[in-house]
Amino acid sequence: MKKLLVMIVLLSVARFASANDIGFYTKDVLQPEFDDFVKEFGSALLFNPMAPAETLGITGFDVSVEIVATDISDDQAYWTKLVSDGNPYSYLPVPRLHVQKGLPFGFDVGAMYVAVPDTNIKLWGLEAKYAILEGSMLTPALSVRASYSQLQGVNDISLDTKSLDVLVSKGFLMFTPYVGASLTAVNGSENSSLVDLNDVEETGYRALAGVQVSPFPLLIINGELSVGEVMQFGLKVGVRF
């Protein structure tokens, strides 16, 4: 899985040079195409957990850089029409800065910011996580997490996402594997004078699995796979203290 994650990240970064803006460049976009685009593009912009169920604790702090690569339907008309040069990526890479802070009573809060190079895609998001079970040497951690993200920079499209996640994890030495399930919502609308399309509201589900590795004090490396409307591969490198 690690080799696959690295390969996807490298391929995604290599495609940055050919990245292009998202928007309406033709009147020939049908409502079903816009529905499918919002569903898939929105899924790519969800604020993925990229962390186990265990919380940071009152003094905990986590700062990381991440990339999430989404396997999009690049051969579909709704992508070729809504990308400026008609040549979308095979994988949509979303690099982001992610900050998390532990709070009292089993809560964590976090925020992320995204600016995809050579595109007009910018994104910010917020999250909150609560530990139902803190976990111990013998028992797993169980938490619930809510997140929100909002697209910026794309003048023709307004889009936001929400997710509610349930996460379970159990640490073993320097490894902390985790699994989860999510209820997601994507809302999108067009702001273009070229078309007149209805707003789109989509709900869905996804499953995710990942592992966090701490090979050295403070350093964390995380790989995550999620499967739902789209398949996503995530890689995170950061410091946690």
- Task: Take the residues in the stretch 151-174 that are touching a Ser or Thr at 6+ places or on another chain (Cβ under 8 Å) and among the polar types (S, T, N, Q), then tell me which one is nearest to residue 209 (Cα to Cα).
- Result: 169
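A quick yes/no check of all residues on (1) in a loop (DSSP other than H, G, I, E, B); (2) within 13 Å of the chain's Cα centre (by Cα):
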site	(1), (2)
79	no, no
88	yes, no
99	no, no
120	yes, no
124	no, yes
131	no, no
- Message: With the requirement that a residue be touching a residue at least 40 places away in the same chain (Cβ under 8 Å) and out of contact with any Phe, Trp or Tyr (no Cβ under 7 Å at 6 or more places or on another chain), what does the stretch 69-78 give you?
- Response: 76, 77
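So in the stretch 204-221, with the set limited to residues that are without any contact (Cβ under 8 Å) to a residue 24 or more places away in the chain and surrounded by 12 or more Cβ atoms within 10 Å (Cβ to Cβ), which one is nearest to residue 151 (Cα to Cα)? Explain how you work it out, then say what you get.
Of the residues in the stretch 204-221, the ones without any contact (Cβ under 8 Å) to a residue 24 or more places away in the chain are 216-219, 221.
From the residues that got through so far, the ones that are surrounded by 12 or more Cβ atoms within 10 Å (Cβ to Cβ) too are 219, 221.
Working: 219: 30, 221: 27 Å.
That would be 221.
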- Any idea which of (1) among the small types (Gly, Ala, Ser); (2) farther than 27 Å from residue 202 by Cα; (3) touching a strand residue (DSSP E or B) at 6+ places or on another chain (Cβ under 6 Å) is the one residue 136 doesn't satisfy? (3)
- Given (1) assigned to a strand (DSSP E or B); (2) crowded, with 19+ Cβ neighbours inside 10 Å; (3) aliphatic (A, V, I, L, M), number of the condition residue 183 does not satisfy: (2)
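Which residue, of 109, 68, is in a strand (DSSP E or B), out of contact with any His (no Cβ under 7 Å at 6 or more places or on another chain) and crowded, with 19+ Cβ neighbours inside 10 Å?
Just one listed residue meets the conditions, 68.
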- Residue set 97, 138, 92; condition among the hydrophobic types (A, V, I, L, M, F, W, C) and modelled with pLDDT of 95 or more; output residue 97
- Message: Suppose we filter the stretch 106-124 for residues that are modelled with pLDDT of 95 or more, under 24 Å from residue 69 (Cβ atoms) and touching a Lys or Arg at 6+ places or on another chain (Cβ under 8 Å); how many remain?
- Response: 4
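Listed here are the residues, each with its yes/no results for (1) modelled with pLDDT of 95 or more; (2) of a type in the set (Lys, Arg).
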site	(1), (2)
35	yes, no
44	no, no
48	yes, no
54	no, no
64	yes, no
74	no, no
77	no, no
81	no, yes
- Has the stretch 72-91 got at least one residue that is surrounded by fewer than 18 Cβ atoms within 10 Å (Cβ to Cβ), small (Gly, Ala, Ser) and more than 22 Å from residue 197 (Cα to Cα)? yes
- Return only the number of the condition from (1) part of a strand (DSSP E or B); (2) under 19 Å from residue 125 (Cβ atoms) that residue 209 does not satisfy. (2)
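Quickly run through the stretch 140-177 and pick out the residues that are among the β-branched types (Val, Ile, Thr) and in contact (Cβ under 8 Å) with a residue 24 or more places away in the chain. If you could, list the steps in order and put the result at the bottom.
First pass over the stretch 140-177, keeping only residues among the β-branched types (Val, Ile, Thr): 144, 154, 157, 161, 166, 168, 176.
154, 157, 161, 166, 168, 176, listed by residue number.
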- Any idea how many residues of the stretch 137-156 are in a strand (DSSP E or B), of a type in the set (A, V, I, L, M) and closer than 19 Å to residue 20 by Cα? 1
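Considering only residues of the stretch 112-141 that are at negative phi and acidic (Asp, Glu), which is surrounded by the fewest Cβ atoms within 10 Å (Cβ to Cβ)? I'd like the intermediate steps shown before the answer.
Filtering the stretch 112-141 down to residues at negative phi leaves 112-117, 119-134, 136-141.
Now narrow it down to the ones that are acidic (Asp, Glu): 127, 134.
On the way: 127: 23, 134: 14.
Ranking the qualifying residues of the stretch 112-141, first place goes to 134.
The values are calculated or read from the model by the stated rules, or taken from the named source; none is laboratory data. All values reported here derive from a predicted model rather than from experimental measurement. Glycine gets a Cβ as well: all are built from the backbone with ideal geometry, and neighbour counts include every protein chain shown.
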